[in-house]
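Structure, as structure tokens:
The values are calculated or read from the model by the stated rules, or taken from the named source; none is laboratory data. What you see is a predicted model; the values in this text were computed from it and never measured. Here the Cβ positions follow ideal geometry from the backbone for every residue, glycine too, while neighbour counts run over all protein chains shown.
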């Protein structure tokens, strides 16, 4: 496993950001998020199935349908964790290659244990590092994906700018992230489920209530569909579009480096 532990130094003295519903110093957030995913790594895939009743698999397949992977493409999957997106990409394009990139080494270690990782070993690279300071040359990848990870980045705009930098001209960004439901009544029902059930599941299955409390809170702090699309445009991407999944519980965002 390649390892780039360079931490981004762009934090300003006294600058704050959110960690769930807490305000924390910018330079503390990365370590706190790292702790969350280190704690949940061994149960992460099981919890994804339980929390979403398996729907996350449908969402990821929808991501692949819109992305339409092709042989010869070079994928960078940021916050790639245990490899779910990279495996799906390579199954659809066996002649492609993929780099799974994550700040949490334990997540990548769990991914490398999966049967798909062994079967696809010659097409996969696993790298530890910071989404706001990618250790790759300009114009290195055809596709950049990030699935349920962008909301955990300290400065989202910087991560999107890095995505633009490492993509080749004609390259594509695709983001899958939890989002906002279209009306207040539906959102309140979803929040009741999220805040009352998911942390309890985290305690029961992963022995970790606090990490799943943070994950639920981080969803509610993430910008809505239109606001996030504007951030993608601000990073330089063209033809920016989004598609709601399950009425907006999640959304797919797409942009091109022209």
Filter region 91-110 down to the residues that are surrounded by fewer than 23 Cβ atoms within 10 Å (Cβ to Cβ), in contact with a helix residue (DSSP H, G or I) (Cβ under 9 Å, 6 or more places away or on another chain) and more than 17 Å from residue 135 (Cα to Cα) and list them by number. 91, 92, 94, 95, 96, 97, 106, 109, 110
Sort out which residues of region 178-196 are outside any helix (DSSP H, G or I) and either out of contact with any strand residue (DSSP E or B) (no Cβ under 8 Å at 6 or more places or on another chain) or surrounded by fewer than 18 Cβ atoms within 10 Å (Cβ to Cβ) (or both), and write them in order of number. 180, 181, 182, 183
Selection count, region 226-257, where residues are in a helix (DSSP H, G or I), in contact with a helix residue (DSSP H, G or I) (Cβ under 9 Å, 6 or more places away or on another chain) and over 25 Å from residue 142 (Cβ atoms): 3
Go through (1) under 19 Å from the mean Cα position of the chain (by Cα); (2) closer than 24 Å to residue 173 by Cβ; (3) modelled with pLDDT of 70 or more one by one and return the number of the condition residue 30 breaks. (3)
Restricting to region 124-144, what's the tally of residues that are crowded, with 22+ Cβ neighbours inside 10 Å, under 16 Å from residue 165 (Cβ atoms) and in contact with a strand residue (DSSP E or B) (Cβ under 8 Å, 6 or more places away or on another chain)? 5
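Each row is one residue, and each column tells you yes or no for (1) crowded, with 19+ Cβ neighbours inside 10 Å; (2) in contact with a helix residue (DSSP H, G or I) (Cβ under 9 Å, 6 or more places away or on another chain); (3) part of a helix (DSSP H, G or I); (4) at pLDDT 95 or above.
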{"site": "47", "(1), (2), (3), (4)": "yes, yes, yes, no"}
{"site": "63", "(1), (2), (3), (4)": "yes, yes, yes, yes"}
{"site": "66", "(1), (2), (3), (4)": "no, no, yes, yes"}
{"site": "77", "(1), (2), (3), (4)": "yes, yes, no, yes"}
Could you say whether any residue in region 146-157 is more than 19 Å from residue 218 (Cα to Cα) and modelled with pLDDT of 95 or more? no
Determine, yes or no, whether residue 3 is surrounded by fewer than 17 Cβ atoms within 10 Å (Cβ to Cβ), farther than 30 Å from residue 200 by Cβ and either in contact with a helix residue (DSSP H, G or I) (Cβ under 9 Å, 6 or more places away or on another chain) or at pLDDT 95 or above (or both). yes
